[in-house]
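Working notes, beginning with the structure itself.
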Amino acid sequence: QFTTRVVSCRAAELRPEGGGEPVRGFQVVLEDTILFPEGGGQPDDRGLIGDVPVLRVTRRGSEAVHFLPAALEPGAEVLLSLDWERRFDHMQQHSGQHLVSAIAEQMFGFKTTSWELGRQRSVIELDTPSVTAEQVEALEKSVNEKIRDRVPVTVRELAADDPEVETVRSRGLPDDHVGPVRVVDIKGIDSNLCCGTHVSNLSDLQVIKLLGVEKGKKNKTNLIFLAGNRVLKSIEQSHSTEKALTSLLKNGPGEHVEAVKRLQSSVKLLQKNNLNLLRDIAVLIAQDFKNKPASKQLFVLHRKEGDSEFMNIIANEIGTEETLLFLTVGDEKEAGLFLLAGPVEAVENLGPRVAELLGGKGAGKRGRFQGKAAKMSRRGEVQALLQEFISHQNPGA
């Protein structure tokens, strides 16, 4: 916690990080603050000013701007309360990044070009086209050795024109930077220009887990990692998943992969058999229609189970030169697929109208118009439309 005074307060809008409508509120500047404004790859802090939640903290020149949903009186004395769990998480990830970046450069010459502190995992962009699994393993082993060595982490300030600044690792200063520069030292390992928040000893990181690498931008590699409490949370989540799978698959964790492979093989076989049965059913349905003495001008069928191939087989078997076919598959009261097939001119005329009635979209060519239907419950209206069309084509029928 920290007590300070309000310098200014003005109405403003905040666009949520996940998108959506802007939130109305107020930008508040204080005489000083313990809430970190986003920058240097690190997200901002959260907390309270009095009992008002701070929704965002950004930097405007040398000022930290706090966005609040309620106004504060300029000149008023206020108490800041920091969301420590969020802050400590950011400290662990940021100090972890410094350590991993320094050791990666020392061991393999991989320079860090940028990094991102994500909500669930963090990413370091390395200036190399590839990193081997063996290098990842060796890097992880080395950084965790440094954590066990309980190496101190200290912060100092240098004048911007101090020659020592040139010897410190840096990706450059912001264009609007003024005043002294801040250096974060990991004793005997790294010195880095940085504005972010850090632990005071590597032992506070607890452990670092490198999750692997992904292809980054041109000739770059992204190294994904977790530090500290995030490793514990990841283990907890993995253990919960493991317990659930053990219950579902009725075997131990070491046999989960083989059990899932067997299930996948069974599902593929069942799908293949199901597809063959659907094809046989489609042929039988078509033959039954052709063998009936009734009128062959219109054929309508709905089936819950089926797909586009099922409908097209029926259309192929019946033939579309003289018969107009309206076929649908899917849940009767929800969405599904439809096929209108028949004489080319009739289908071109009726296809878009059928799609409109079913609240769907479709396309067609050569006497076939098919697509997705959002309102399968309106099939009766489509059937009435088709019967009316046939009546107009054949007034004496």
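The values are calculated or read from the model by the stated rules, or taken from the named source; none is laboratory data. Being a predicted model, the structure only gives us computed values, none of them experimental. Methodologically, a virtual Cβ is constructed for each residue, glycine included, from the backbone with ideal geometry; neighbour enumeration extends over all protein chains shown. Each accessible area value is taken on the protein alone, full model and side chains, heavy atoms only, with ligands, DNA and RNA left out. Shrake-Rupley method; radii C 1.70, N 1.55, O 1.52, S 1.80 Å.
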Original post:
How do 270-282, 88-100, 202-214 rank on mean C-beta neighbours within 10 Å, highest first?
Top reply: 88-100, 202-214, 270-282
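Send over a whole-number figure in Å² for the accessible area per residue of the stretch 2-82, probe 1.4 Å.
So the stretch 2-82 comes to 51 Å² accessible per residue, rounded to a whole number.
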Original post:
Cα extents of the stretch 282-393 along the three principal axes, largest first, in whole Å?
Top reply: 34, 31, 24
Subject >> 222 nm mean residue ellipticity, helices alone, for the chain (DSSP H n ≥ 4; -39,500 (n - 2.57); rounded to 500) >> reply: -12000 deg cm²/dmol
Subject >> Calculated FRET value between Thr167 and Lys272, using beta carbons and R₀ = 45 Å, to 0.05 >> reply: 0.10
**OP:** Please work out the C-alpha center-to-center distance from the stretch 211-284 to the stretch 324-397 and express it in whole Å.
**Re:** 40 Å
Subject >> Too-long pairs where the Cα-Cα distance tops 19 Å, listed order kept, from Lys111/Lys218; Lys296/Lys365; Lys146/Lys209; Lys146/Lys217; Lys290/Lys365 >> reply: Lys296/Lys365; Lys146/Lys217; Lys290/Lys365
Original post:
Given that compact globular proteins tend to follow 2.2 N^0.38 Å, what is the ratio of the alpha-carbon Rg of the chain to that value?
Top reply: 1.55
Original post:
Which whole-number value in Å² is the accessible area per residue of the stretch 199-261, probe 1.4 Å?
Top reply: 62 Å²
Original post:
Can you give the alpha-carbon Rg of the stretch 59-111 over 2.2 N^0.38 Å, where N counts its residues?
Top reply: 1.85
Original post:
Can you give the percent of C-alpha pairs in the stretch 1-152 whose distance is more than 26 Å?
Top reply: 41 percent
Original post:
Taking all protein chains as present, what is the carbon and sulfur share of the accessible area of the stretch 87-235, in % to the nearest whole number, probe 1.4 Å?
Top reply: 49 percent
**OP:** Using only protein heavy atoms and a 1.4 Å probe, report how much of Glu73 is accessible, in Å² to the nearest 10.
**Re:** 130 Å²
**OP:** May I have the pair-distance distribution P(r) for the stretch 17-66, computed from all Cα-Cα distances with 10 Å bins from 0 and rounded to whole percent?
**Re:** 23, 56, 20, 0
Original post:
In the Gaussian network model of the chain, springs joining C-alpha atoms below 10 Å, which of Arg59, Arg366, Arg150 carries the largest mean-square fluctuation?
Top reply: Arg366
Original post:
Which distance in Å, rounded to a whole number, links the C-alpha centroids of the stretch 41-66 and the stretch 75-123?
Top reply: 17 Å
**OP:** Over the stretch 2-82, with every protein chain in place, what whole percent of the accessible area is carbon and sulfur at 1.4 Å, could you tell me?
**Re:** 50 percent
Subject >> Förster radius 56 Å - calculated FRET efficiency between Ala244 and His177, Cβ distance, rounded to 0.05 >> reply: 0.65
**OP:** Report relative contact order for the stretch 195-251 in percent, whole number only (criteria: Cα-Cα under 8 Å, sequence separation at least 6).
**Re:** 26 percent
Subject >> Relative contact order %, the chain, counting alpha carbon pairs below 8 Å whose residues are six or more apart >> reply: 10 percent
Subject >> Förster-model FRET efficiency, 45 Å R0, Lys333 and Glu258, C-beta, rounded to 0.05 >> reply: 0.65
**OP:** Take every Cα pair under 8 Å in the stretch 87-235 that's 6+ residues apart, average their separations, divide by the length, and report that relative contact order as a whole percent.
**Re:** 33 percent
